Every structure is written in C-alpha cells, then in structure tokens.
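The values are calculated or read from the model by the stated rules, or taken from the named source; none is laboratory data. Since this is a predicted model, take the numbers as computed values, not measurements. All Cβ positions, glycine included, derive from the backbone under ideal geometry; neighbour counts span all protein chains shown. Areas reflect the complete protein model, heavy atoms only, side chains present, ligands, DNA and RNA absent. Shrake-Rupley method; radii C 1.70, N 1.55, O 1.52, S 1.80 Å.
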Amino acid sequence: MVLFFNPFDNLVCILLGISFTVWFTLLLVFIIVPAIFGVSFGIRRLYMKTLLKIFEWATLRIERGAKEKNHPLYKPYSNGKMSKSKITFCEEIKEIRRSGSNRDLDSASEFEMSDIFYFARRGVESIMDDEVTKRFSAEELESWNLLTRSNNNFHYISLRLTVLWGLGLLIRYGFLLPLRVTLAFTGVGLLVFLTCLVGLLPNGRLKNFLSEKVHLMCYRICVRALTAIITYHDSENKPKNGGICVANHTSPIDVIILASDGCYAMVGQIHGGLMGVIQRSMVKACPHVWFERSEVKDRHLVAKRLSDHVEDKSKLPILIFPEGTCINNTSVMMFKKGSFEIGATVYPVAIKYDPRFGDAFWNSSKFGMVNYLLRMMSSWAIVCSVWYLPPMSREEGEDAVQFANRVKAAIARQGGLVDLLWDGGLKRGKVKDTFKEEQQKLYSKMLKPTWAPLTE
C-alpha cells in the first residue's frame with residue numbers, strides 16, 4: 001500500500017490547533033481566571049458604552065430616514081395607562097341613568113337596562129388598559145437596538161443602517177454566541193465536577209469555604225457567558241445566614257445574577273436530565289432545599305423544611321422568588337405568603353434589567369428553555385442593577401399577607417417598578433371568583449334598599 005502525504009492537510013491541522021490554543025488561552029486569561037478571583041478588566045463596561053453610542057447613532061439615522069420618507073416607523077411611546085375617573089361606582093351608574101332617564105335617581109335603586117352600559121364600558125377599558133396580561137409579554141422599547149426581534153416593523157431606511165445591522169448579526173452569531181456557549185459549558189461543567197469533589201470532604205469550615213469559592217467562581221463564569229454587566233448597590237445589606245432573600249422574578253438567570261455576588265441555598269423541585277445532575281451535585285457541597293414532585297403541594301411540609309433551614313444560623317440564606325412566575329420587569333405582582341409565614345428575617349432585593357441591550361424576560365408560554373437561552377446568548381448583553389434593601393421583619397399584629405405586601409412595595413419602589421396586587425398565576429389561570437364578586441357586591445349595594453324587605 002502506498003500512502004500519499006498531503007502537506008495541505010498538515011497545514012490545516014496546524015492552523016486549527018493554533019486557533020484552538022489561542023481561543024482557550026484568551027478564555028483562560030481574560031475570563032476564567034478573573035472569574036476565579038472576582039476581578040474585572042472593565043472590558044464589558046467599555047463594550048456597553050460603545051453599544052450605547054452605536055444605538056444613539058442608529059436611532060438618529062432611523063428618525064431622519066423616516067422623516068425624509070414620511071414613513072411612520074416609530075409611533076410615540078405609550079405605557080398604556082388611561083386616566084381614571086375619580087367619581088365613585090354609584091355616581092358612574094347615576095351618570096349613565098341620568099343621560100337616559102328623567103326619573104328620580106335617588107329613588108331608582110332597582111335594576112335598569114342602562115346599567116349594562118357601565119359594565120360594558122368598564123370591560124372595554126379593561127381590555128384597552130390591561131395592566132395584567134401586558135406584564136407577561138416583552139417590554140416595549142422606545143428605540144431600536146439593532147436586534148430584528150425588537151422591531152418587527154423594520155423597513156429599509158438606509159444602506160449604512162442595513163450594513164450595520166448585518167455586521168451586528170455576524171458579530172452576535174459568529175463570535176459572541178460560540179464564545180458564550182463555550183463559557184456556559186465550562187461554567188456548568190466545573191460546577192458539577194468541583195461540587196462533587198467538595199462533597200467528598202467531611203462537613204466543616206474547610207468544606208463550607210471551598211463550596212462558597214466553587215459556587216462563586218462557576219456562577220461568575222456563567223455570568224460572563226451572558227456578557228452580563230451587573231451593578232450592585234448597598235452591599236452592606238446583603239442577605240446573611242439564617243435569613244430569607246426575596247426578589248422580583250424576571251428570568252431563570254435571576255439566580256445567576258444574585259449568586260455571582262453571594263452564595264445562597266436554592267429552593268425548588270427536583271428535576272431529571274441535566275438539571276437533575278446539577279441539582280444532585282450542588283446539594284453534595286451545600287445544603288440546598290429540593291422537593292420531590294409529590295411534596296411541592298404540601299404547604300406544611302415545605303414550611304417545615306424552610307423553618308428547619310433558617311433556624312440553623314450556619315446555613316446559607318434561602319433564595320426565593322415569591323411571585324412564582326416570571327414578570328416582564330415592569331412591575332411586581334402578588335407575593336405568595338408562604339415564605340413570610342416562617343418568621344425569619346427577610347432580605348428584600350430589587351432587580352432591574354436594561355432592555356436596550358437584550359430582553360431578559362422569559363415568556364415560558366411562548367419560548368422553551370433552550371430557545372430562550374439561545375435568544376439570551378445571541379443578544380448584545382444583559383445589563384441590570386441589583387439593590388440590596390435593609391432587612392425587614394414581621395411587625396406585631398401584622399399577618400403574613402400584610403408583611404408580604406410591605407416587602408413587595410419596598411422592592412417595587414426601589415426598582416422603579418409598578419406595584420400590582422394581581423396574582424402572577426393569571427399568566428396561565430383564570431381570574432378568581434373573589435375578584436368578580438367584588439364588582440357584584442358594589443352593584444348590589446345600590447339595589448339593597450329594594451331587596452331589604454324581601455330578606456326580612
């Protein structure tokens with residue numbers, strides 16, 4: 001047999017070997033090593049400032065081009081809020097009756113057909129000014145950030161702008177996406193491997209110390225996999241052992257955002273697949289609180305497990321998102337009262353994302369986890385601010401619901417979010433009958449004088 005030597009193949013192998021060596025050397029020097037020691041070279045913040053300059057230029061070009069072509073590419077931004085009438089429920093009904101009847105309004109307490117118009121009008125207003133369902137869709141941007149998905153009405157404006165968008169597409173999918181995928185696999189792989197090693201050590205200070213360092217290092221690598229630029233405020237209020245950290249919930253990456261600045265005990269349901277492997281490895285090095293599927297609905301069991309955890313002051317603070325679902329970071333919705341019934345010190349945390357660089361909101365009814373992560377890793381960056389609020393405790397005479405609302409209001413106020421009383425469960429469920437009954441009770445009070453003799 002005669003073997004032919006092709007020098008071109010040898011050259012290709014050498015070039016590929018050099019490319020991979022340079023690639024992983026750059027990763028190690030500029031990303032992995034800084035993540036281990038918790039330092040930053042300021043490259044990401046310089047990158048963010050550069051993006052802002054480009055966005056400003058692109059916005060000006062779009063406005064100028066749209067103006068020259070009389071093309072309504074952008075409409076004035078509106079937050080959808082309508083002016084509310086300050087008159088009471090009864091006065092609104094009387095106003096409608098006054099326009100269609102000459103009867104004595106004070107004595108007309110029985111039902112009239114014209115009353116239907118009040119409920120029809122309120123229904124239309126609720127549809128137009130729906131402050132609930134719009135919290136489950138991506139936040140509207142005032143300007144274009146050169147991502148196709150942020151402006152479905154994009155049309156050809158100028159050659160320069162189209163070339164810039166194409167160049168951005170090439171950079172995001174040709175350079176940033178492979179880099180971020182590599183970092184994500186590196187961070188997750190190290191987390192599983194190193195936590196398993198730490199788990200072999202006997203319980204003690206050394207194990208706790210190494211577990212904390214391993215978790216911080218791996219989460220910081222995962223943060224860099226998203227090109228996350230995070231600003232932490234008031235670090236003196238960071239959660240302490242034996243407490244409960246509660247935060248508003250926008251995305252699964254909220255966990256990574258917070259855990260890259262401090263270690264927490266996670267709470268959640270046990271999963272299978274890759275997530276299950278990660279959970280089992282993490283719990284070997286740190287006492288997280290995982291529940292079986294059959295245990296999640298047992299409120300007493302969940303409360304007991306959480307109480308036992310916070311009573312041990314040597315254990316990490318528990319991280320909980322009381323909303324129970326992801327909201328689009330424009331508001332904070334109703335907090336479930338379970339974590340506020342335990343009696344532990346609560347450490348509120350407000351998280352606010354900047355949607356100009358990438359939308360962090362996970363619309364789970366529209367995108368699966370893999371699709372969502374792909375969108376995150378192909379965005380420009382994830383930019384957010386985190387505020388650690390002063391610890392709060394349940395006051396005397398205050399029930400769990402009132403305590404939860406007080407904490408929620410503090411988070412909304414600090415993060416510049418709208419404080420809503422609605423349940424985030426409306427994302428997939430129907431409106432509770434109690435909300436419907438409130439409107440029915442208001443209307444029945446008008447008719448009560450007519451019905452009173454019949455109930456005696």
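Based on the Cα coordinates of region 159-422, what is the per residue volume of their convex hull in Å³? Let's see the in-between values first.
Working: hull volume 36.8 nm³, N = 264.
Hull volume normalised by residue count: 139 Å³.
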Projected label distance in nm at VAL163 and LEU200, using a 7 Å step from Cα toward the beta-carbon:
5.8 nm
Hey, if you put +1 on the Cβ of every Lys and Arg and -1 on every Asp and Glu Cβ in region 330-394, which of MET333, VAL386, GLY368 ends up farthest toward the positive end of that dipole?
MET333
So how compact is region 222-328: Cα radius of gyration and Dmax in angstrom?
14.3, 40
If packing is taken as the average number of other Cβ atoms within 10 Å across a peptide's residues, how do 243-252, 328-337 rank, most packed first?
243-252, 328-337
Protection proxy ranking of 374-386, 183-195 - average other beta-carbon atoms within 10 Å, highest first
374-386, 183-195
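So if we plug the beta-carbon distance of ASN371 and VAL418 into 1/(1 + (r/R0)^6) with R0 = 25 Å, what FRET efficiency do we get, rounded to 0.05?
Working: r = 28 Å, r/R0 = 1.11.
Efficiency, from the Cβ-Cβ distance: 0.35.
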Over region 159-422, with the other protein chains present, what is the accessible area per residue in square angstrom, probe 1.4 angstrom?
45 Å²
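Starting from the Cα-Cα distance between TYR173 and VAL29, subtract it from 0.36 nm times their residue separation and give me the gain in nm to one decimal. Present the calculation step by step, with values, prior to reporting the outcome.
Working: separation 144, 0.36 × 144 = 51.84 nm, distance 2.28 nm.
Here the answer is 49.6 nm.
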GLU292 paired with VAL277, simple spin-label distance in nm, labels 7 Å along Cα-to-beta-carbon:
2.4 nm
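Would you mind putting 391-400, 307-316 in packing order, based on average other-beta-carbon counts within 10 Å, highest first? It would help to have the intermediate numbers written out before the result.
Values: 391-400: 12.6, 307-316: 15.0.
Packing proxy ranking, top to bottom: 307-316, 391-400.
For GLU311 and PHE41 in the same chain, what is the full-extension length gain: residue separation times 0.36 nm, less their Cα-Cα distance, in nm? Intermediate results must be reported in sequence, preceding the final value.
Numbers: separation 270, 0.36 × 270 = 97.20 nm, distance 4.00 nm.
Extra length available between GLU311 and PHE41 comes to 93.2 nm.
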Rounded to a whole number, what % of the accessible area of region 159-422 do carbon and sulfur atoms account for, probe 1.4 Å?
61 percent
Rounded to the nearest 0.05, FRET efficiency between THR231 and ASP399 (Cβ-Cβ, R0 25 Å) equals 0.10
